[in-house]
1. Using the beta-carbon distance between A:Ala105 and B:Glu179 and R0 = 30 Å, what value does 1/(1 + (r/R0)^6) give for FRET efficiency, to the nearest 0.05?
2. Between the stretch A:1-67 and the stretch B:117-139, what is the C-alpha centre distance in whole Å?
3. Based on Cβ point charges of +1 for Lys and Arg and -1 for Asp and Glu, what charge dipole magnitude is obtained for the stretch A:76-145 about its Cα centre, in debye rounded to the nearest 20?
4. Take peptides B:78-85, A:151-158 and line them up by average Cβ neighbours within 10 Å, highest first, as a rough protection proxy.
5. Over the whole of A:113-122, what's the average partner chain Cβ count within 10 Å per residue? Rounded to a whole number, please.
6. How far is A:Ala159 from the same spot in each other copy, in nm, shortest first, if each label point sits 7 Å from Cα toward Cβ?
7. If you put a point 7 Å past Cα along the Cβ direction, how far is that point for A:Tyr77 from the same point in each other copy, in nm, smallest first?
8. Using +1 at the C-beta of Lys and Arg and -1 at the C-beta of Asp and Glu, which of B:Gly59, B:Gly96, B:Val72 has the Cα lying farthest in the positive direction of the dipole of the stretch B:34-148?
2 protein chains.
Amino acid sequence: MENVQIIVEYDGTAYCGWQVQHNGLAIQQVLMDVWEKMTGEKIKLAGSGRTDAGVHAYGQSANFLTGSTIPVEKIPYAWNGNLPPDIRVLEAKIRGSDFHSRFSAKGKVYEYRVLNRAQGSGLRYNRVWHVRQPLDFDRMDRAKEHFIGTHDFTAFSSAKSEATTKVRTVHELVLSKEEEEYVFVIAGNGFLYNMVRIMVGTLVEIGQGKREPESILDLFEGKERRASGITAPPQGLYLKKVIY
Amino acid sequence: MENVQIIVEYDGTAYCGWQVQHNGLAIQQVLMDVWEKMTGEKIKLAGSGRTDAGVHAYGQSANFLTGSTIPVEKIPYAWNGNLPPDIRVLEAKIRGSDFHSRFSAKGKVYEYRVLNRAQGSGLRYNRVWHVRQPLDFDRMDRAKEHFIGTHDFTAFSSAKSEATTKVRTVHELVLSKEEEEYVFVIAGNGFLYNMVRIMVGTLVEIGQGKREPESILDLFEGKERRASGITAPPQGLYLKKVIY
């Protein structure tokens, strides 16, 4: 048996998320079903972490044990020949037996895109969060600095989060503007449930003038989810990369 | 009656194109139907030109005569409240009675996107042309220069083109690379049927080493459609802007 790691790109629009759940079709499930159809082999595909319904990935990472004779460099071609077009396996590599896409991960990089203009986008409506009210770049840029470093992110995680510690390190948070879109790129050692979406929701409220850039320090201190901003919608979020 | 110009963004994936045809649903038709549902008024919406099935627009331009009392600045909000999410009216302006979105146009700007890597894209599969064989930037960059200026584009237009003259002027053709995508931006005074797609198809064949950059000069000379490259698929093409 070989331990194979794959990198997967997907459009999350049509799915209930990465991970198999009771409701709707999961991306993980589609990959496992297609593999079984191709090879007759049932696999257990372990992802680096879940992504919610509507969230996208440029580079989700997953691994599975296989006895298949498909040469590893042919695996993406074989899979993609049978997958729906909104899921693509970009790479496959043989890893050591101790590699686990989730437990071996050293960090992740996410991107979040906010379209800031009067009207929505016919081309990107399930790819961005459409925010009508003008956003102030400088306020958001000042605020985002407070996230960098090691903090208790309790106020920036869903009550559903089951993590035992809410302390995480954000290594980098870059804000840029591409025409009418604000793009947040966030790298960290780990992310709590909904953490990126609540961080972006809070930054957007700061950009709208509804709260102050420095208020983030109070949110770290207070550790109350209800004191922070809204959860930004899923369709603006992309898992870019998992770091090992 | 006011002559109102609108700028429309759309994802062409689900439609038979901009213009009403016997097969499938046209973007023009959806806009007219929704307007009638909203106001009771039947309008004739004239676009700057057709876009084929699967072709997208960031800035299609159209105009129509209306007796509606909706203030012009409210028109995009009203329309977008009733349109499907893949069509968005970005702007509306009152124009003089002699303005016609097609006949008043001085030029157009198109963008074409080619994804050049081994595997396709789960996120952009109906937004780019996926070309597997590696492309040579320098060959395509040298070749594209030959298109700039005024030429007879007979070899770069569909046999279905009914234009009386095939002479057109390309003002600008910029090629850039954004990660794994080659992006062609083409500005000209007018475009024949399939002209951008055949130009890109030919440039890609040059990038693959199947033909020489200088062969474009022979194609202008020979005026034979079958001598030029393939018609690049519709989903990589975007109408960016109509110039007046």
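A short reminder: the numbers here are calculations on the coordinates, not readings from a lab. If you're wondering where the values come from, they're calculated on a predicted model, not measured in any experiment. Positions of Cβ are generated from backbone atoms using ideal geometry, with glycine treated the same way; all protein chains shown enter the neighbour counts.
1. The formula returns an efficiency of 0.85 here.
2. The distance from the Cα centre of the stretch A:1-67 to that of the stretch B:117-139 comes to 23 Å.
3. Dipole about the Cα centre, nearest 20: 80 debye.
4. Going from most to least packed, we get A:151-158, B:78-85.
5. 5
6. Those separations, rounded to one decimal, come out as 6.8 nm.
7. Result, one decimal in nm: 5.6.
8. B:Gly59
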